[in-house]
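Notes follow the structure.
Readers should treat all values here as calculations from the given coordinates under stated rules, not as data from a laboratory. Nothing here was measured: the structure is a model prediction, and the numbers come from that model. For neighbour counting, all protein chains shown are included, and Cβ atoms are generated from backbone atoms with ideal geometry for every residue, glycine included.
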Amino acid sequence: MAATFMSRISMFHAFILSALFFSDCGFLRGVASFGINYGQIGNNLPQPEKVLDLLSSLKITKTKIYDTNPQILTAFANSGIELIVTVENDKLSDLTDPQQALQWVSSRIKPYFPATKITGIAVGNEIFTGDDMTLMSYLVPAMISIHGALVQLGLESYIQVSTPNSLAVLAESYPPSAGSFQGELTGVMSQFLRFLSNTKSPFWINAYPYFAYKDSPTQISLDYVLFNPNSGMVDPYTKLHYDNMLYAQVDAVICAIARMGFEGLEVKVTETGWPSKGDVDEVGATVENAAIYNRNLLRRQLENEGTH
């Protein structure tokens, strides 16, 4: 069954989407929530209606797309599947203007809602770890303008506004209790976290344990990153035990947020996964390991496991 499941979702950019809730600087529990990041780059892609049929057959209730493709938004109407849409990076400059943001929400979101269950707007993607400082300066103003437009249209209670972040926003991640953001991001990160706090929106993180394993395969246990049985590690300060790297990475984000003075923010993993193939130097990138990672993480989410 697992092999069949993995082959059926291989046409998508497939990840576990997990809503994770924390207090202060430690992981408390995971809430079962499986979703698919629905990419649209490739050849011979299925029509959105076919994608919807497949997601429904797999009982997947959440998906994220990387634009506001009207064909997808129309196809997903009345499906009950929750959808996060994305503002492309090159649109951020325009959307710092409240009037343009209102026009964007009025034309890209409002015509489809509530029939299409849009629950989030991702403003850009991994902006804080890019090299474009000007683009970075647009991020929070664009988020403020988009949220303001949602307020004007009476949609702010239904649709959250945030941005997915790479783990590279962290300067320290080990042990998790030492988690801290890159020093050069302090100013803009404080503005971003304040926006999230004021609007009760989540911090979205794209977390890929594979990259840490690839960089240090002799120091990091493959079982530890694949959620297989292993001895794990204990944070010397919090005394929390971690038997997998993903939970440790997310806790490092929580601690970094707490260190900035914004305890209690909700954190959601918007992307995670494992490559099914790679270059010669990309050790561990196999179909088997990808299947093990996704299967084990899904099991963890369904069991509501956390650190202890």
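Descriptive notes on the structure:
- Considering segment 205-219, and only residues there that are out of contact with any strand residue (DSSP E or B) (no Cβ under 8 Å at 6 or more places or on another chain) and of a type in the set (G, A, S), the residue that is surrounded by the fewest Cβ atoms within 10 Å (Cβ to Cβ) turns out to be S216.
- Hey, S231 not in a helix (DSSP H, G or I) and not aromatic (F, W, Y) or not: yes
- Output for segment 234-254, where each listed residue is part of a loop (DSSP other than H, G, I, E, B) and in contact with a helix residue (DSSP H, G or I) (Cβ under 9 Å, 6 or more places away or on another chain): D235, P236, Y237, T238, L240, D243, N244
- Unmet criterion (only one of (1) under 18 Å from the mean Cα position of the chain (by Cα); (2) aliphatic (A, V, I, L, M); (3) surrounded by fewer than 19 Cβ atoms within 10 Å (Cβ to Cβ)) for A285: (1)
- Number of positions in segment 214-250 that are touching a residue at least 60 places away in the same chain (Cβ under 8 Å) and either more than 19 Å from Y293 (Cα to Cα) or in contact with a Lys or Arg (Cβ under 7 Å, 6 or more places away or on another chain) (or both): 7
- Evaluation of T199 against (1) farther than 17 Å from A142 by Cβ; (2) touching a helix residue (DSSP H, G or I) at 6+ places or on another chain (Cβ under 6 Å); (3) touching a residue at least 40 places away in the same chain (Cβ under 8 Å) (one fails), failing number: (1)
- Filtered residues of segment 156-168 (kept if surrounded by fewer than 17 Cβ atoms within 10 Å (Cβ to Cβ) and within 14 Å of A256 (Cα to Cα)): A168
- Selection within segment 122-160 - among the aliphatic types (A, V, I, L, M) and over 18 Å from L193 (Cβ atoms): M133, L135, A149, L150, V151, L153, L155, I159
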